[in-house]
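The structure under discussion appears below in the form of structure tokens.
Please treat every number below as a calculation from the coordinates, not as lab data. Since the structure is predicted, the reported quantities are computational estimates derived from the model, not experimental observations. Positions of Cβ are generated from backbone atoms using ideal geometry, with glycine treated the same way; all protein chains shown enter the neighbour counts.
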Amino acid sequence: MSARVIHAKDFVAEAVELIADSARIAIATHGVFRLGLSGGSTPEPVYAELARSASELPWQKVQITFGDERCVPPDDIQSNYRMSRHALLDRVKIPDGNVFRMRGELPPAEAAADYEKRLRTLAERFKQRRYVHDLLLLGLGEDGHTASLFPDTDALNETERDVVENYVPKLKTHRLTFTFPLINAARHVCFLVRGAQKQSLAAEIVAGRLQLPAAQVRPDDGELTWLLSP
Ligand code: 6PG
């Protein structure tokens, strides 16, 4: 399926509308909205606006996962979970049991195996082999990475597992990350890419002219959207 490219006039508002619309459709269709959050800085204002404007969503029917996490405790300034909690999760009525945090405080291999087990257990409830996100949000790094799938790292080659620890030499640290099999199992993947310096990179990836990690995001049966803004 070809990607849908949206050149946003109001990036935050259009991202929130896409998320809220996905939620309404998923909940109407199968009673739950399985949303994967991306990390970094781009999504923070989107999450804050989502909390402000979509508070009426039935958050008790929303499940939250995290596409990747830094190997730090949940209250660490680097934590994607911390960012999402401050911007969104503390500001909506979502039950704690609906938020599935990657336990970055554990040894990386243990944290990855723990999270993968939790997602597989959830998937079994839906009689699915692996967890199927209704909407998975992803960011784009200037080196073409997405989640914590960085160029020239081992996780790029994972074909079976859903969640792995990934040593990133350029950062001199491990990260926890979804793998391409889990990402591509999603019903809808949406890249949120904001910043003039990333627009040409995104365009090259969408055009298939660059074989960088983000270019390997091709949902098996789902939709792919790129929401772009300089
Ligand atoms: C992370 C992210 C990562 C991020 C990109 C873009 O943990 O940092 O998941 O993949 O989405 O690096 O980050 P910015 O939005 O901060 O540019």
*Would you mind ranking I25, I77, I64, I183 so that the residue whose beta carbon has the fewest other beta carbons within 10 Å leads the list?*
I77, I25, I64, I183
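Work the Kirkwood hydrodynamic radius out for region 67-203: mean of 1/r over every pair of different alpha-carbon atoms, inverted, in Å.
Details: mean 1/r = 0.0635 Å⁻¹.
Taking the inverse mean of 1/r over all distinct Cα pairs, region 67-203 comes out at 15.7 Å.
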*Between K172 and R24, what FRET efficiency comes out of the Förster formula 1/(1 + (r/R0)^6) with R0 = 45 Å and r the beta carbon distance, rounded to 0.05?*
0.55
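Are there any helices in the chain, counted as whole DSSP H runs, that stretch 20 Å or more along their axis by Cα and score at least -1.0 on average by Kyte-Doolittle, and if so which? Provide the component values of the computation, followed by the final result.
Numbers: long enough: 11-30 (28 Å, 0.98); 108-125 (26 Å, -1.02).
TM-like helix candidates: 11-30.
Taking loop as defined by DSSP and a crowding limit of 15 other beta carbons within 10 Å, which GluC sites (Glu not before Pro) in region 154-211 fit? List each step's numbers first, then the result.
Working: sites: E158, E160, E165, E204; in loops: E158, E160.
Those satisfying the criteria are E160.
DSSP loop chymotrypsin sites (Phe, Trp or Tyr not before Pro) in region 121-211 with at most 14 other Cβ atoms within 10 Å of their Cβ, which ones?
Numbers: sites: F126, Y131, Y167, F178, F191; in loops: F126, Y131.
Those that pass, being in a loop and sparsely packed, are F126.
How high is the relative contact order of region 76-206, given as a whole-number percent (alpha carbon pairs under 8 Å, six or more residues apart)? Before the final figure, lay out each step's value.
Numbers: 168 pairs, mean separation 30.3, N = 131.
Reported as a whole number, the value is 23 percent.
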*Taking every pair of Cα atoms in the chain, average 1/r, invert it to obtain the Kirkwood radius, and report Rg/Rh to two decimals.*
0.93
*Using modelled amide H (1.01 Å from N, peptide plane; none on Pro or chain starts), what sits under 5 Å from the amide H of V168, excluding residues fewer than 5 places away?*
T173, H174, R175
*Convex hull volume per residue in cubic angstrom - Cα atoms of region 51-113*: 83
*Which value does Rg/Rh take for region 1-107 over its C-alpha atoms, Rh per Kirkwood?*
0.97
*Whole-Å distance, taken between Cα centres, linking region 14-39 and region 44-63*: 10
*Could you work out the relative contact order of the chain, using alpha carbon pairs under 8 angstrom and six or more residues apart, expressed as a whole percent?*
24
